[in-house]
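> After the structure tokens below, expect a handful of questions from me.
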Amino acid sequence: MSGTRQRHSLKACLGVRVESSTRMLAIVFVLAIAASPVMQAQTFQVLHTFAGGLDGGFPFDLTTDAAGNLYGPASCCGLDYGGVYELQRSGSDWLFNPLYLFDGNDGTYPQNGVAFGPDGLLYGTTTNGGTDGNGVVFSLRPAAGFCRGFFCPRTETVLYNFGYSPDAAGPTGDLTFDQAGNIYGVAGNGPEGGGAVYELMPSGNSWIERVLYGFPQTDGEQAHPYSGVIFDNAGNLYGTTVSGGAHNKGTVFQLVPGNGGWTENTLYNFQGGSDGDYPYGGLIFDRAGNIYGTTFGGGDGGGGTVFVMTPSNGGWTFTTIYSFVATSVCQGGADRGGPLASLVMDAAGSLYASTVCDGAYGLGSAFKLTRSGGTWAYSDLHDFCAEGRDSCSDGYFPSGRLALDAAGNIYGTSWSGGHHYLAEGVAWEITP
């Protein structure tokens, strides 16, 4: 199922979380331009504060292009149901460009990053909305014709509308592509009662979806993949489930293709001890074939972990690299608060991510892990909300995947906070 739409009209913001009912906010439309100068002497700076109007609110993952521009979803507001935006470099300034605003029929609440496909177009998902209300996969194409200044909307094509069982539903996580241009992703619901891994294959002017694997529901426990999947050099897929597994604390899994379909292998079952639990973030490979990931909770400090899995004698050896210390802000002091998104790795092999509500003030942090001999050295890059939550201009609860540019600058978002009175989140930069 596919369709093409382009939106130009502007409406008031619908401030909403996917888990909650909608709430109308009367917002005067202001085209928000973040024009904070790039100051090399300043380590941390806010690039844009989301106001809940045309720019949307509650941002998540970031993606960068070769020119250093940033792209991401705003999960709510905008034209009622969130949108996709660009932060464009213009000399020492950053210009905010709303690329597309959803209206419900074409998808609602984009919560995951957008990715550049082999054809150069932007691709992404929405968790809800579409024909059956179960989310869509979409692409964004630059609009034909003259573009006035920096306001350059794109044309959306809905590649697939998710339906009902035996289909997948509620897509989450980032998309990935194979060499043939097929798209792979994960969904929160599948035909076996848990989540699912799916593939989209182009067929003429439309796309065909098939579920590669549906995670089962066993004794009332459901395995849900939250982030996307990644390929190894042999064509196998790898990912995590937030829950499920032997201890219902989440898993690391592998999918192996064969003539009869795809076979699932559970590579690791999280136990909720020093290894951590609830791995919301996805996985990344290094050049040696080691797998790195994060957990939201557990670990020796109770605030989540960073881990590595090393190939060993046909299996995998699991090692906890770092444990975060839980704070009283998340879950009333329970063992939560670590990274929700996947790690990113620089050319030297150092790891970067943010924690949701660990850190010095309990409202999130950005960090770097550097390999030093046989250990990893932790560097605290920024602790969010030193001013206090009521006046948190740098934002709080950084939940999305970070982005790195060629100069080593680090970019991210905070889900809430900012100097605007609605506190709809910020996009920020840390310079080396």
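> Between region 62-105 and region 215-280, what is the separation of their alpha carbon centroids in Å?
31 Å
> Using unit Cβ charges (K, R positive; D, E negative) and no other charged atoms, how large, in debye to the nearest 20, is the dipole of region 220-336 about its Cα centre?
On the way: 3 positive and 8 negative charges, 22 e Å.
The dipole magnitude comes to about 100 debye.
> Ok, one more. Would you please give the residues with an amide H less than 5 Å from that of Leu212, counting only those at least 5 places away or on a separate chain, with H modeled from the backbone geometry?
Under 5 Å from the amide H of Leu212 lie the amide H atoms of Val197, Tyr198, Glu199, each far enough along the sequence or on another chain.
> Determine, from the Cβ-Cβ distance of Ile284 and Glu387 and an R0 of 22 Å, the FRET efficiency 1/(1 + (r/R0)^6), rounded to the nearest 0.05. Before the final figure, lay out the partial values.
Numbers: r = 33 Å, r/R0 = 1.51.
With a Förster radius of 22 Å, E is 0.10.
> Scan around Ile284 for amide H atoms under 5 Å from its own, H built in the peptide plane at 1.01 Å from N, and keep only partners 5 or more places away or cross-chain.
Excluding prolines and chain starts, which carry no amide H, the hits are Tyr292.
> By its C-alpha gyration tensor, with a ≥ b ≥ c as the square roots of the eigenvalues, how is region 43-111 shaped: rounded for a/c under 1.5, else prolate for a/b larger than b/c, else oblate? Don't skip to the end; give the middle numbers.
Values: a/c = 2.15, a/b = 1.83, b/c = 1.18.
Prolate is the answer for region 43-111, as a/c is 1.5 or above and a/b outweighs b/c.
> Please list, in chain and number order, the residues 5+ apart from Cys77 or on another chain whose amide H is under 5 Å from its amide H, with Hs placed from the backbone.
The list, which skips near neighbours in sequence, is Leu14, Val16, Gly82.
> Counting Lys and Arg as +1 and Asp and Glu as -1, what is the net charge of the other residues whose Cβ lies under 14 Å from the Cβ of Gly133?
-4
> Counting other Cβ atoms within 10 Å, which GluC sites (Glu not before Pro) in region 363-432 have at most 14 and lie in a DSSP loop? Walk me through the numbers on the way to the answer.
Numbers: sites: Glu387, Glu424, Glu429; in loops: Glu387.
Passing both the DSSP loop test and the Cβ count: Glu387.
> Sort 273-280, 246-253 by packing, meaning the average of other beta carbons within 10 Å per residue, with the highest value first. Present the calculation step by step, with values, prior to reporting the outcome.
Values: 273-280: 23.9, 246-253: 21.8.
Taking the mean over residues of other Cβ atoms within 10 Å, the ranking is 273-280, 246-253.
Throughout, read-outs are computed from the coordinates displayed, never taken from laboratory work. Source: prediction; values computed, not measured. Backbone-built Cβ (ideal geometry, glycine too); neighbour counts: all protein chains shown.
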